[in-house]
Amino acid sequence: MSKIKYIILFAILALSAVQLLAWGPTGHRVVTQIAYDNLNCRARHRVDRILGKHGIVYWSTWADNIKSDTIYPDSYDWHFQDFDSGLSDSAVLSALTHYPAKGGNLFRAMDSIVNLLRREPDNVDALRFLVHLAGDRFCPMHMGHQADLGGNTILFEWFKQPYNLHRLWDEGIILAVGYSYTEYAEYLENVYGKQKKAIRRMTNEELLLHNYRLTEEIYAYHEEWNGNPFVYVYHFAPEMEWQLYAAGIRLAMLLNELYG
């Protein structure tokens, strides 16, 4: 294959593979399994009745899959909220209440879905969207820069496969670690369980700033990274794991509020 053809193929694969993903199937199942394990009895019974037993886990990727249908044509940009680099804390936090006119609708979508579920708690599709978007909210590159489509146009090789920065954080690091979603959820509970109370006490503002600063760190690190995937996993796996665990705990809090 000629060099130019390889470059074109690399770009197509790296961009197309990520457009339909969020944390990736494993990541979303990790988040929802952690959430499920932290539901109170009443909330678990009610969400099981709506989505089936363990349904929040099994339906956690539905919101990505539905993009292939026309039933929710506006839902594509519900999965992300772009931020520029170098923003002040107040500029970042304003996105929670003054929804940006461009660059995604994650916060608007989350708030609208939560309000809908307060009125219609048995709304199946709304609950399916909620358990997915609650995970997206903690995926750093779903709050990336609009100029590079949240890292989609930053291309490189990952274990000799075409990748981009967005896809790396959706699934690349998780797949490199190699756990199943149940193994990973159990591992994260064992490792990060002592932080559960602190995560529950954090405000949405504190969590957003944490995520934004991690995203900025990811961009900065990429500029100096030597391309070795083992080095990258060693450097960022703990940060990624905290995000997954925090997403699960906060989703459980929300579901316990809505259904408990």
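The values are calculated or read from the model by the stated rules, or taken from the named source; none is laboratory data. Computed from a prediction, not measured in an experiment: that's the story for all the values here. Here the Cβ is made from the backbone with ideal geometry for all residues, glycine too, and neighbour counts use every protein chain on show.
A quick yes/no check of all residues on (1) surrounded by fewer than 17 Cβ atoms within 10 Å (Cβ to Cβ); (2) small (Gly, Ala, Ser); (3) modelled with pLDDT of 95 or more:
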position: SER16; (1), (2), (3): yes, yes, no
position: ALA22; (1), (2), (3): no, yes, no
position: GLN33; (1), (2), (3): no, no, yes
position: LEU39; (1), (2), (3): no, no, yes
position: TYR58; (1), (2), (3): yes, no, yes
position: ASN65; (1), (2), (3): yes, no, no
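Within this structure, LEU106 fails the test of being at pLDDT 90 or above, among the aliphatic types (A, V, I, L, M) and more than 16 Å from the chain's Cα centre (by Cα). Please verify whether the stretch 168-184 includes one or more residues that are among the acidic types (Asp, Glu), assigned to a helix (DSSP H, G or I), closer than 22 Å to GLN33 by Cα and within 15 Å of the chain's Cα centre (by Cα). For the stretch 168-184, residues among the acidic types (Asp, Glu), assigned to a helix (DSSP H, G or I), closer than 22 Å to GLN33 by Cα and within 15 Å of the chain's Cα centre (by Cα): present. Sub-9 Å Cβ pairs linking a first residue in the stretch 145-161 that is closer than 19 Å to GLU216 by Cβ to a second residue that is acidic (Asp, Glu) and surrounded by 19 or more Cβ atoms within 10 Å (Cβ to Cβ), at least 6 apart or interchain, are HIS145/ASP82; GLN146/ASP82; ALA147/ASP82; LEU149/ASP82; GLY150/ASP82, ordered by first then second residue.
The set of residues in the stretch 70-113 being over 18 Å from LEU208 (Cα atoms), hydrophobic (A, V, I, L, M, F, W, C) and not in a loop (DSSP other than H, G, I, E, B) consists of ILE113 alone. Against the test of being surrounded by 13 or more Cβ atoms within 10 Å (Cβ to Cβ), hydrophobic (A, V, I, L, M, F, W, C), more than 30 Å from VAL47 (Cα to Cα) and more than 14 Å from the chain's Cα centre (by Cα), the options ALA237, ALA220, ALA252 yield a single qualifying residue, ALA237.
For the structure I just gave you, tell me whether LEU214 is within 26 Å of SER88 (Cα to Cα), in a helix (DSSP H, G or I) and under 17 Å from the mean Cα position of the chain (by Cα). The answer is yes for LEU214.
One line per residue, one yes/no per condition, for (1) of a type in the set (Lys, Arg); (2) out of contact with any Pro (no Cβ under 9 Å at 6 or more places or on another chain):
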site: PHE159; (1), (2): no, no
site: TRP169; (1), (2): no, no
site: TYR184; (1), (2): no, yes
site: ARG213; (1), (2): yes, yes
site: TYR232; (1), (2): no, yes
site: GLY248; (1), (2): no, yes
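In the set GLN146, GLN81, only one residue is over 16 Å from LEU254 (Cβ atoms), surrounded by fewer than 18 Cβ atoms within 10 Å (Cβ to Cβ) and under 18 Å from the mean Cα position of the chain (by Cα); that residue is GLN146. Consider the stretch 101-130 and keep the residues that are under 14 Å from ASP77 (Cα atoms) and touching a Lys or Arg at 6+ places or on another chain (Cβ under 9 Å). The one that is surrounded by the most Cβ atoms within 10 Å (Cβ to Cβ) is LEU106.
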